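Here is the structure we will look at.
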Amino acid sequence: MPPPLHPPLSLRLHLLLRSQTLTPLLRRGSSCDAPLCRTRRYISVRASAAQLASAGVATAQQPELGVEEAVVGFVTGKRKATEVAHAVWRNIVQKGDTVVDATCGNGNDTLALLKMVADETARGRVYGMDIQDSAIESTSSFLKMAVGDERQGLVKLFPICHSRIEEIVPKDAPVRLVAFNLGYLPGGDKTVITVPRTTELALQAASRLLSSGGLISVLVYIGHPGGRDELDVVESFASSLPVDTWATCKLQMINRPIAPVLILLNKK
Ligand code: SAH
């Protein structure tokens, strides 16, 4: 018996976001003959279910983590920094918000953010950027597969450096969250990597854009050459923010010296 074309996970996401749409960029190159399309769709949806789970996007098998559970899980070595980050984001981001994924990569964080802002009012927006065209393509196809082929966009994707974030987010849109997942694209070109100078510029720009009550979330990978320099830059930026308007903190495993470090900057 052939496998079902629309497994429950795909259908649930599709229904959740049925009144939402993606930017035209996301619909590029979608033409194909029907039988091949169906095959691709089935394979893709199965792959995306695993990716959704690993991205920390809730599924029936893996419901959303609360902050308490995520932090206790992190402290006991059972949960990743990414899971803590997503749990904190869910407490800050509201339906209809404007948020930014400053490093789209394969689109895991972009989808998690889309889920947080999307509702029937279609006011929420996710601005995503990545310096690599291939990452934008990867995010685009992942989103298309996860939320279905819709008419307009809640997600706007740009193949640019995140230091130019202010050029793409509309001036009148208060930004609730800017997420950075630094380093290189998993499974991609390891020579294309975030670097301290543009990361610093992007953080400065993000801090100007962010609305009161908003959050800049930075996951810093320190296992590769240059990673610790980048951590230094992010920490020094976080330390420079005035205590009357910002609360900045860091989550880091001490006896796993190359585990990623989560830095959270909250604008009061
Ligand atoms: N959040 C992603 C993973 C990001 S990996 C996910 O969930 O899959 C880091 C990404 O940063 C890579 O895709 C890389 O291409 C991108 N990148 C590197 N330098 C950048 C820059 N200056 N501006 C924007 N993106 C950049």
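Readers should treat all values here as calculations from the given coordinates under stated rules, not as data from a laboratory. Computed from a predicted structure; not experimentally measured. Glycine also receives a Cβ, built like all others from the backbone with ideal geometry; neighbour counts cover every protein chain displayed.
Structure summary
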| read-out | value |
| --- | --- |
| For segment 123-268: rounded, prolate or oblate by the Cα gyration tensor [a/c cutoff 1.5] | oblate |
| Order by protection proxy (mean Cβ within 10 Å, highest first), peptides 179-187, 207-215 | 179-187, 207-215 |
| Which of TYR221, TYR127 has the fewest Cβ neighbours within 10 Å, and the rest in rising order | TYR221, TYR127 |
| Residues of type lysines that LYS190 reaches as a straight line, Cα spacing below 24 Å, ignoring anything fewer than 8 places off in the same chain | LYS80 |
| Directionally averaged shadow of segment 146-213, computed from the convex hull of its alpha-carbon atoms, nm² | 6.4 |
| Estimated FRET transfer efficiency when R0 is 22 angstrom, pair ASN255-GLU235 (beta carbons, to 0.05) | 0.65 |
| Tail fraction, Cα-Cα pairs, segment 65-124, threshold 15 Å, whole percent | 53 |
| Likely footprinting exposure, ILE136, ILE131, ILE168, fewest C-beta neighbours within 10 Å first | ILE168, ILE131, ILE136 |
| Spatial separation of Cα centroids for segment 79-127 and segment 191-261, in angstrom | 18 |
| Cα-based Rg and Dmax for segment 56-198, where Dmax is the largest Cα-Cα distance (Å) | 15.1, 44 |
| Residue-by-residue Karplus 3J(HN,Hα) for segment 186-193, coefficients 6.51, -1.76, 1.60, Hz, glycine and proline x | x, x, x, 6, 6, 8, 8, 9 |
| Reach of LYS171 by Cα under 25 Å, taken over lysines that are not fewer than 8 positions away in the same chain | LYS95, LYS115, LYS156, LYS267, LYS268 |
| Packing rank of 87-94, 245-252, 139-146, where each peptide gets the mean count of other beta carbons within 10 Å, highest leading | 139-146, 87-94, 245-252 |
| Projected label distance in nm at GLU69 and ARG197, using a 7 Å step from Cα toward the beta-carbon | 4.5 |
| Relative packing of peptides 97-105, 189-197, 260-268 - highest average C-beta neighbours within 10 Å first | 97-105, 260-268, 189-197 |
